[in-house]
Amino acid sequence: MTARIIDGKAIAGEIRSELALQVKQLVKEGRRPGLAVVLVGDNPASEVYVRMKKRACEEIGVYSVVHSLPAEITQEKLLDLIDELNQDPKIHGMLVQLPLPSGLDESAVISRISPEKDVDGFHPLNVGRLWIGGEGFVPCTPAGVLELVQRAEVPISGKKVVVVGRSNIVGKPVISLFLRENATVTVCHSRTENLAEECAQADILIVAVGRPHLVKKDWVKPGAVVIDVGINRVDGKLVGDVDFENVSQVAALITPVPGGVGPMTIAMLLKATVDAAARS
Ligand code: GUN
């Protein structure tokens, strides 16, 4: 058996085309969506992500502004900028690219963002809304994972979902999102005993730990759906947390790296920004 590939790049492209039409309409009504991105310091990976986010905005007609601040910025000055953006009517969504340089209080910074502009869904209020079932922003990568599974027409309700990884950005919100879709969710992490056996129970296996090729062929139930959220650089090549070549011989559906979950993150960020403008 050879798995069918879930083409995240193509699906993200469809979403961006849908959004471009919606933006056109909003612009006609004088409500062009706007995104502010705050980048502190000179983390090269963060610089790449921020550039990609800005370009993606431009492509669909969303107004965007990047505030690049030196690593030595004070906490107070950073909070002042967030206050300013909270008040700016041109800005419907804002995010502070993580990680922040040492010396800055990440949790205080995130909490300062207006929950109604928190397109990353990292503010504690939006985290709480996700868990208790209210309306709010959902973190972009987990939202992209769910969207991929749904667009691939994979049934979720009643199915066994195993999540490997428990980060605040991916693992935890993924648990919550799939629970909301009535899956039976198991969460595994670095201390889990018999990880391979836990994974082999999954109808849908979602891996987000940042360990290249961790998940092997015999960890995967034949016919399972495998979603690889990992992005690791090995010998200059991007690889996921799943041994794609071998696992794709047993899985029914699998996401590649690159070209799987990755492109969905920015598509969902754009969607959150457009939705925020539409609500304004
Ligand atoms: N760093 C890694 N992923 C993310 C993300 O989704 N949002 C922000 N703000 N920072 C990140």
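The values are calculated or read from the model by the stated rules, or taken from the named source; none is laboratory data. This one's a predicted model, so the numbers in the text were calculated from it and none came from an experiment. Neighbour counts are summed over all protein chains in view; Cβ atoms, including those assigned to glycine, are modelled from backbone coordinates with ideal geometry. Only protein heavy atoms, including side chains, enter the accessible area calculation; ligands, DNA and RNA are left aside. Shrake-Rupley method; radii C 1.70, N 1.55, O 1.52, S 1.80 Å.
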**Prompt:** With respect to Val209, is the statement that it is assigned to a helix (DSSP H, G or I), surrounded by 18 or more Cβ atoms within 10 Å (Cβ to Cβ), hydrophobic (A, V, I, L, M, F, W, C) and within 16 Å of the ligand (Cβ to nearest atom) true?
**Reply:** no
**Fill in**
Selection from the stretch 132-156 of residues farther than 15 Å from Ile206 by Cα, in contact (Cβ under 8 Å) with a residue 12 or more places away in the chain and among the charged types (D, E, K, R) yields Arg151
**Prompt:** Name the residues in the stretch 212-242 that are among the β-branched types (Val, Ile, Thr), part of a strand (DSSP E or B) and touching a residue at least 24 places away in the same chain (Cβ under 8 Å), would you?
**Reply:** Val215, Val225, Val226, Ile227, Val239, Val242
**Request:** Starting from residues that are open to solvent by less than 30 Å² (accessible area, probe 1.4 Å) and of a type in the set (A, V, I, L, M), keep the ones in the stretch 92-104 and report whichever is farthest from Ser68 (Cα to Cα).
**Result:** Leu104
**Request:** Take Lys9 and decide whether it is open to solvent by 70 Å² or more (accessible area, probe 1.4 Å), within 19 Å of Ala277 (Cα to Cα) and basic (Lys, Arg).
**Result:** no
**Message:** For a quick check of your reading: which helices (runs of 4 or more DSSP H) sit entirely within the stretch 79-181 and have at least 2 residues that are within 11 Å of the ligand (Cβ to nearest atom)?
**Reply:** 106-112, 140-151
**Message:** For the stretch 241-261, which positions are surrounded by 23 or more Cβ atoms within 10 Å (Cβ to Cβ) and out of contact with any Lys or Arg (no Cβ under 7 Å at 6 or more places or on another chain)?
**Reply:** Val242, Ala251, Ile254, Thr255, Gly260, Val261
**Request:** Give me the pairs, please: first residue somewhere in the stretch 77-102 and free of Cβ contacts under 8 Å to residues at least 24 places away in the same chain, second residue anywhere and away from the ligand (no atom under 11 Å from the Cβ) and aliphatic (A, V, I, L, M), beta-carbon distance under 7 Å, and either six or more positions apart or on two chains.
**Result:** none
**Request:** Can you give me the number of residues within the stretch 229-264 that are of a type in the set (Asp, Glu) and either within 16 Å of the ligand (Cβ to nearest atom) or closer than 15 Å to Ala12 by Cβ (or both)?
**Result:** 1
**Request:** Could you tell me whether any residue of the stretch 151-170 is within 29 Å of Ala278 (Cβ to Cβ) and crowded, with 23+ Cβ neighbours inside 10 Å?
**Result:** yes
**Asked** What number of residues within the stretch 243-264 are without any contact (Cβ under 8 Å) to a residue 12 or more places away in the chain and among the aromatic types (Phe, Trp, Tyr)?
**Response** 0
**Request:** Could you tell me whether Thr74 is more than 21 Å from the chain's Cα centre (by Cα), closer than 28 Å to Val261 by Cα and open to solvent by 30 Å² or more (accessible area, probe 1.4 Å)?
**Result:** no
**Where Pro89 falls short, out of the listed (1) open to solvent by 30 Å² or more (accessible area, probe 1.4 Å); (2) over 21 Å from Arg31 (Cα atoms)** = (2)
**Complete:** Taking the stretch 183-227 and keeping residues within 22 Å of the chain's Cα centre (by Cα) and among the β-branched types (Val, Ile, Thr) leaves Thr184, Val185, Thr186, Val187, Ile204, Ile206, Val207, Val209, Val215, Val225, Val226, Ile227
**Request:** Evaluate the following for Ala267: is it within 19 Å of Ala12 (Cβ to Cβ) and either touching a strand residue (DSSP E or B) at 6+ places or on another chain (Cβ under 7 Å) or within 16 Å of the ligand (Cβ to nearest atom) (or both)?
**Result:** yes
**Complete:** When the stretch 27-71 is checked residue by residue, the ones that are in a strand (DSSP E or B), farther than 21 Å from Ala278 by Cβ and either within 12 Å of the ligand (Cβ to nearest atom) or not small (Gly, Ala, Ser) (or both) are Val38, Leu39, Val40, Val66, His67, Leu69
